[in-house]
Amino acid sequence: MRFGLALLSVVSLWALPAQAGKVESVQELLMETCKKKVSYEQALVLIRPLYLTCVPGTKVAVGEKCQVKCLKPNAGAVIGR
């Protein structure tokens, strides 16, 4: 039980910095493109559509009047191989 809790805390603390740069990138992009300031939590939610589920080279709708470019770096990237 203790080992499981220790492992969970280590994994959760390790995963937080991995998203920190992306959150800041999303916040900066929205400020530059849409003149819109978003909170850390809102930017964290936007990581998925802007980095993971979009098609590179397309625009992603963020809000009603804001569209930003997809931030996925490579269309041919295969994850897990």
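Data table
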{"item": "Matching residues in segment 45-56 - criterion: being assigned to a loop (DSSP other than H, G, I, E, B), within 14 Å of the chain's Cα centre (by Cα) and either at pLDDT 95 or above or β-branched (Val, Ile, Thr) (or both)", "result": "Thr53"}
{"item": "Near pairs, Cβ below 8 angstrom, 6+ apart or cross-chain, from segment 64-80 (at pLDDT below 65) to any residue that is surrounded by 12 or more Cβ atoms within 10 Å (Cβ to Cβ)", "result": "Ala75/Pro56"}
{"item": "Index of the failed condition, Ala20 passing every other in (1) within 11 Å of the chain's Cα centre (by Cα); (2) aliphatic (A, V, I, L, M); (3) at pLDDT 90 or above", "result": "(3)"}
{"item": "Inter-residue pairs, beta-carbon under 8 Å, first in contact (Cβ under 8 Å) with a residue 12 or more places away in the chain and in segment 21-32, second hydroxyl-bearing (Ser, Thr, Tyr), 6+ apart", "result": "Lys22/Tyr51; Val23/Tyr40; Gln27/Tyr40"}
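Yes or no, residue by residue, for (1) of a type in the set (A, V, I, L, M, F, W, C); (2) surrounded by 10 or more Cβ atoms within 10 Å (Cβ to Cβ); (3) at pLDDT below 90:
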residue: Leu7; (1), (2), (3): yes, yes, yes
residue: Leu13; (1), (2), (3): yes, no, yes
residue: Gln27; (1), (2), (3): no, yes, no
residue: Leu30; (1), (2), (3): yes, yes, no
residue: Ala43; (1), (2), (3): yes, yes, no
residue: Thr58; (1), (2), (3): no, yes, no
residue: Val62; (1), (2), (3): yes, yes, no
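The values are calculated or read from the model by the stated rules, or taken from the named source; none is laboratory data. Just so it is clear, the model here is predicted, and its values are computed rather than measured. Here Cβ is always computed from backbone atoms with ideal geometry, including for glycine, and neighbour counts include all displayed protein chains.
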